[in-house]
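Step one of this worksheet: look at the structure below.
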Amino acid sequence: MNDQVKSASRVLDILELFSSITDPMGVSDVAKRLNLPKSSAQALLLTLAARGYLVRQGADYLLPPELKGGWVGGMRTRLQGIAGPVMERAAQESGESLFLGMLAPTGQVQYLAKTVSAQEIRYDAALQPLRPAHCTSMGLVMLAYAPGYEPGDTAFQAHTPHTITDPAKIARLLADARRDGYAEVLDGHVEGASGVSAPIFDSGEAVVAALNIGAPTWRYERNRKLLIDIVCREARAVTALLRGTAA
């Protein structure tokens, strides 16, 4: 068995072990149960925790509750499990639609989940299509915290008459998002629809996703301050849950 296959087998052994237990386990316990060198066990556990497959509690590790019996999916699955109840709560309070999304490898926005407003006139969107980052509040707030990202002289596409395409103006939007902790877009991607997004951080202070509230523009403008407050608060709540620090 070559080293790559051996490493893959060890990762699967660890995930299967944690799927079969309920109590947290430390490095020594894992190494002993799986007959691994302690240094190898520690390196694998740290990697799995960083990728969202395990949660760290002090010196111990455990499988996140929402991944029990179905850990394939890593951070994406964890986010969906954690954010679902938060989005339901925020949708009820705000009266608007909530979306959870990540940046795809292409740099576009991929929606992971949504909770749609119960109001007859509401904003809704399919989860499957990728969306441009430069004219969506979710994309802007994630790009704002992306290490080393600069708009440069990129030619940005206009999707509505209100889309901001000037790289210098987009750079200012990113700076504002870092300063304020949220990003807004009014009619920039879909005319008549506006929204605000706030970042979700992992335990290493990296942005892994964003939470969005989307609404018809006229209603968004009327309730703007309330919607900003809600999305920022609930994005912090998802971050705390993701880190295992929620009260």
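A 1.4 Å probe run over the chain, with the rest of the protein chains in place, finds 50 Å² accessible per residue. Per-atom-type breakdown for the chain gives carbon and sulfur 52% of the accessible area (1.4 Å probe, protein chains only).
Between region 106-155 and region 182-203, how far is it from one alpha carbon centroid to the other, in angstrom? Cα centroid of region 106-155 versus Cα centroid of region 182-203: 7 Å apart. Placing +1 on the Cβ of every Lys and Arg and -1 on the Cβ of every Asp and Glu, with no other charges, gives region 111-177 a dipole of roughly 140 debye about its Cα centre. Compared with the dominant Cα axis of the chain, that is its longest principal axis, helix 167-180 is turned about 60°.
Provide Rg over Rh for the chain; use the alpha carbon set for both Rg and the Kirkwood Rh (inverse mean inverse pair distance).
Radius of gyration relative to Kirkwood radius: 1.04.
Specify whether the C-alpha gyration tensor of region 44-163 places it in the rounded, prolate or oblate class, a ≥ b ≥ c being the square roots of the eigenvalues: rounded for a/c under 1.5, otherwise prolate if a/b is larger than b/c and oblate if not. Since a/c reaches 1.5 but b/c is at least a/b, the shape of region 44-163 is classed as oblate.
In region 80-143, the ratio of gyration radius to Kirkwood radius, Rg to Rh, stands at 0.98 when only Cα atoms are counted.
A simple count of charges around N223, restricted to other residues whose Cβ falls under 12 Å of its Cβ and scoring Lys, Arg +1 and Asp, Glu -1, yields 0. Taking amide H positions as modeled 1.01 Å from N, with prolines and chain starts lacking one, the residues under 5 Å from Y61 and 5 or more places away or on another chain are M25, G26.
Just to confirm a number: summing +1 for Lys and Arg and -1 for Asp and Glu over residues other than S194 whose beta-carbon lies under 12 angstrom from that of S194, what do you get?
Residues near S194 contribute -2 overall.
When a/c reaches 1.5 or more, the comparison of a/b and b/c decides; with that in mind, is region 150-213 rounded, prolate or oblate per its Cα gyration tensor? In terms of gyration-tensor shape, oblate. GNM remark for the chain: springs join alpha carbons under 10 Å apart, and the peak mean-square fluctuation among L186, L143, L12 falls on L12.
The values are calculated or read from the model by the stated rules, or taken from the named source; none is laboratory data. Computed from a predicted model, the values in this text were never measured in an experiment. Positions of Cβ are generated from backbone atoms using ideal geometry, with glycine treated the same way; all protein chains shown enter the neighbour counts. When the accessible area is computed, the model is the full protein with side chains, heavy atoms only, and any ligands, DNA or RNA have been set aside. Shrake-Rupley method; radii C 1.70, N 1.55, O 1.52, S 1.80 Å.
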